[in-house]
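Just so it is clear, none of the values below were taken in a lab; they were calculated from the coordinates. All values reported here derive from a predicted model rather than from experimental measurement. Neighbour counts run over all protein chains shown; Cβ positions are idealised from the backbone, glycine included.
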Amino acid sequence: QVHLTESGGGLVQAGDSLRLSCVVSGGTFSMGWFRQGPGKEREFVAAITWSGGATYYSDAVKGRFTISRDNAKNTVYLQMSPLNAEDTAVYYCAGDAPVGRFKEGESYPYWGRGTQVTVSS
């Protein structure tokens with residue numbers, strides 16, 4: 001069985017940093033982070049290959065967010081620095097997209113339940 005569990009969300013001020021974690025059980029996969037802000041559609045944030053050899057970012061977070069993984073700990077991270085108010089959203093981790101389809105939410109068969117990030121201005 002495959003299970004994904006996010007943690008690390010919270011309430012912070014603009015300019016602060018947060019690191020989200022996603023613990024993965026049941027396998028080692030390519031992984032993605034998505035988010036959904038209030039009144040918005042779900043959007044791609046970042047992705048990483050199963051080995052950590054390649055990463056991908058949306059234009060909105062490029063240069064501010066860093067995705068990484070530690071397969072020995074079965075954990076994928078999203079370091080967010082600096083945060084701004086537009087980053088307020090529920091953040092989801094997702095697993096096992098095929099090569100070339102990391103930015104497509106429908107490509108991921110496994111999803112966590114999300115963690116709330118709220119950034120005050």
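In a simple Cβ point-charge model (Lys, Arg +1; Asp, Glu -1; nothing else charged), the range 30-121 has a dipole of about 140 debye relative to its Cα centre. Note that the range 51-64 has calculated 3J(HN,Hα) couplings of 8, x, x, 8, 10, 9, 9, 6, 4, 5, 10, 4, x, 10 Hz, one per residue in order, obtained from phi through the Karplus relation 6.51 cos²θ - 1.76 cosθ + 1.60 (θ = phi - 60°); glycine and proline are x. Using a cut-off of 24 Å between alpha-carbon atoms, which lysines can reach residue 62, once sequence neighbours fewer than 8 places away in the same chain are excluded? Within the straight-line cut-off, residue 62 pairs with 40, 103. For the range 46-99, trypsin sites (Lys or Arg not before Pro) are listed when DSSP marks them as loop and at most 16 other Cβ atoms sit within 10 Å of their Cβ; the list is 62, 64.
Dividing the convex hull volume of the alpha carbon atoms of the range 38-97 by its residue count gives 96 Å³ per residue.
Taking a ≥ b ≥ c as the square roots of the Cα gyration tensor eigenvalues, with a/c under 1.5 meaning rounded and otherwise prolate when a/b beats b/c, else oblate, which class fits the range 4-64? Each step should come with its number before you reach the end.
Values: a/c = 1.64, a/b = 1.41, b/c = 1.16.
Because a/c hits 1.5 or more and a/b exceeds b/c, the range 4-64 counts as prolate.
Looking at the range 70-121, the GluC sites (Glu not before Pro) that sit in a DSSP loop and have at most 15 other Cβ atoms within 10 Å of their own Cβ are 104.
Below 8 Å, C-alpha to C-alpha, sequence gap of six or more: please give me the relative contact order for the chain in percent. The value is 36 percent.
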